[in-house]
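These notes concern the structure reproduced below.
Every number here is computed from the coordinates shown, using simple stated rules; none is lab data. What you see is a predicted model; the values in this text were computed from it and never measured. Backbone-built Cβ (ideal geometry, glycine too); neighbour counts: all protein chains shown.
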Amino acid sequence: MTQGRRGPGAPRVGIGTAHGHHGELVQGAFSRPGGALVRALLTLPHRGIGSRVVFHPEPGAALVLPGPGYEKVGRAVELTLRALFDEPPGGRVEVTGDVPRGVGMGSSTSDVTAAIRAVADSRGAPLPDDEVARLAALAEGACDSIMVADRVVLFAQREGAVVETLAPRLPPMVVVGCDTDPGVSVDTLAHEQPRYGSTELATFGVLRSALRRSLTTGDVGLLGRAASASARINQRFLPKQPLDFLLALAEEEGACGVQVAHSGTVAGVIFDPARPDTAHGVYRAVDRIGAAGLPVTSVLGESLVRDVPVGA
Amino acid sequence: MPARPYGEATEAYRIPKLIRLAPNLYGVCFTLMKMIPARHILRRAEADGLLEPETVVVETTSGTFGLALAMQTAQAGRRLILVSDPAVDERLLRRLTDLGAVVERVAAKAAVGGYQAARLTRLAEIRRELPSTFCPEQYSNPDNPRSYALVAELLVEALGQVDCVVGPVGSGGSLCGTTRFLRSVLPDCHAIGVDSHDSVLFGHPDGPRALRGLGNSLMPPNLDHTVLDSVHWCTADEAFLATRQLHQRHALFMGPTSGAAYLSARWWAREHPDALTVVLLPDEGYRYLDTVYDDAWLAAEGHVRAELPDAPTPVADATVPGTVWSAFDWGRRTYADAVAGVGLAVR
Ligand SMILES: Cc1ncc(COP(=O)(O)O)c(C=O)c1O
């Protein structure tokens, strides 16, 4: 892989894609073996939505972006070209995608990740995931872990680095997603980083254990309770007005817990498809969330339960 | 646990071994459970700049918390003064002094609060005499219960599900801390606190107690009564015999507070075969070789008994001490509600 970087072929049109997510299962600060704290998260990927970037390289020319609001994409292209090929950016960038913006579903990271991959592709030099993550964090200031495709990781969003590999994959889950504050958008970097107290920090250690255990054994119940605990702790920092409603709904409908976007407005009720009444619970959750005036954004893993209507 | 070397003894001493005692019962076996709060509190104080080079660590204890502190201060090259009862055991005293601790013994009990109140008075005097002291205050320092997040971490990672935690209660730090952190992901986890008759923790009037290491003559602020689902009181005889059975049947060489907790946990696990129970076993048996593990001593002290009751005797009033192992439905109530016998939720 490193060979391809130094002796790239002639620039050609590069294509990169990346998917979005539905907020986080857990987000907090965790102590490393030496005791130092690292802010980290576990992303809930949403493979049904994503970004696609096409990069038309023109060495020596200016960099043309799709329009205003794509500064991070521009930074990603520039960083990648400079880091990999020692070149100033030149060319045209096209971005298409269907990740909702400003709700915490990773639109920015998916654009940036797709852009980095497109630039690498334009030189026939695909990048390893950890390199994409590092560049994405540099371009954005912080990013989620959607570029880490082949495993489930606890991910330091500010550094763009894997803290710990938790499992090869997430267990099968159904997540009924909704927007807890329709019309409001959150600027991830503008909002202040949470200052957790001692008990909260100690609790994150327990949540990490719950993640290790639940992802190793496929225990969606434990994973869901860890997600709920994380949502409750972070409620102090970016409150979701309907969180209590969603937690109660989860309890009443036989769900495992509630996950939220810790820098956005979406939230999801987590169901275990292996439980007998899940299809019914999912159906009821979609109904009740809609009746409460919250738009259902998506039902992740919907194919795992039959007879369930697709979210609006 | 990560397969890596420990940086120092006190780091290793914190880590318990999880040992299966029955298909649905695990012992959390400590060499020295009090290392968890002792190390956490001193490291925290260090990080918060509360420990100058000449700061003397002072604490009132004649038990395992003092030993854990002494191990920490020996490593750090720091002075430690412990204020204890006249009755501090000689084996422990030798170990404490070998670790460089100065052990001061109070002469007599205070009128109210017994030796513990007398120790607190002496401690206050010592602090006035020294320019810089730090007292870990295990009975009131919230870092004591907080430090037990470590135990919850280990249990959650190793077992995933824990339906009931049983532990002896002295300061309340270990059982309340462990349970509260477990409940962050296992909200229904049941908690049973094990006390000695004639201890004030759960409503009995203070009185002489042969079973040491659990129970208290003063109410510790770190005991959060609302964590507990039920409370058991046992006698010294029962705890000692259970300690021996833990050794004889499971080859686990633990102290008498472990025996007391094991007695209750074994019963609960038998009664709830589909639930997973864990029991905190706080220290090893060496300190008790000449007492609990000595049949002649047990006979001389009148602690011999042939067998243990199958079940605790249910009691309806938390304020009346008994003469046998007994159980009270605490129901996560405040102290005031539980001893008044009001506010028990129907569940
Ligand atoms: C041997 C032993 N067991 C149990 C306990 C009770 O633990 P806690 O103070 O956390 O309630 C103590 C407390 O000193 C102890 O020394």
Pop out the ³J(HN,Hα) list for the range B:310-321 in order, Karplus 6.51 cos²θ - 1.76 cosθ + 1.60 with θ = phi - 60°, rounded to Hz; leave Gly and Pro as x. 6, 8, x, 7, x, 10, 9, 10, 6, 8, 9, x
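For a test of the definition: using alpha carbon positions, the gyration tensor, and the 1.5 limit on a/c, classify the range A:171-306 as rounded, prolate or oblate. Let's see the in-between values first.
Values: a/c = 2.06, a/b = 1.17, b/c = 1.76.
Since a/c reaches 1.5 but b/c is at least a/b, the shape of the range A:171-306 is classed as oblate.
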Helix-only [θ]222 nm of chain A, DSSP H runs n ≥ 4, -39500 (n - 2.57) each, per residue, nearest 500: -11000 deg cm²/dmol
Among A:87, A:253, A:140, residue whose mean-square fluctuation peaks in a GNM of chain A (springs only between Cα atoms under 10 Å): A:87
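As an exercise, use a Förster radius of 30 Å and the Cβ-Cβ distance of residue B:125 and residue B:54 to find the FRET efficiency, rounded to the nearest 0.05.
Working: r = 19 Å, r/R0 = 0.64.
Efficiency computed from Cβ-Cβ geometry: 0.95.
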All aspartates and glutamates inside 12 Å of residue A:72 as judged from Cα atoms, apart from same-chain residues fewer than 8 positions distant: A:111, A:140
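Relative contact order, percent, of chain B when contacts are C-alpha pairs under 8 Å separated by at least 6 residues?
Numbers: 692 pairs, mean separation 57.2, N = 347.
So the answer I get is 16 percent.
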In nm, spacing of pseudo-spin labels at residue B:111 and residue B:132 (7 Å Cα→C-beta vector): 3.9 nm
Charge tally for neighbours of residue B:75 with beta carbon under 15 Å away, counting Lys, Arg as +1 and Asp, Glu as -1, is +2
Out of every Cα-Cα pair in chain A, what percent are more than 32 Å apart? 29 percent
Considering the Cα trace of the protein assembly as shown, what is its radius of gyration and what is Dmax, both in angstroms? 29.3, 98
Just tell me which lysines come within less than 17 Å, Cα to Cα, of residue B:34; anything on the same chain fewer than 8 places away is out. B:17
Alpha carbon centre of the range B:280-347 versus the range B:124-165: separation in Å? 23 Å
Residue with peak Gaussian network fluctuation, chain A [Cα springs, cutoff 10 Å], from A:67, A:34, A:293: A:34
Among B:261, B:269, B:236, the residue with the largest mean-square fluctuation in a Gaussian network model of chain B built from Cα contacts under 10 Å is B:269
Taking the alpha-carbon centre of each part, the distance from the range B:203-258 to the range B:34-92 in Å is 23 Å
State log₁₀ I(q)/I(0) for the range A:14-164 at q = 0.13, 0.17 Å⁻¹ as given by the Debye formula over alpha-carbon point scatterers of equal weight, solvent excluded. -0.54, -0.88
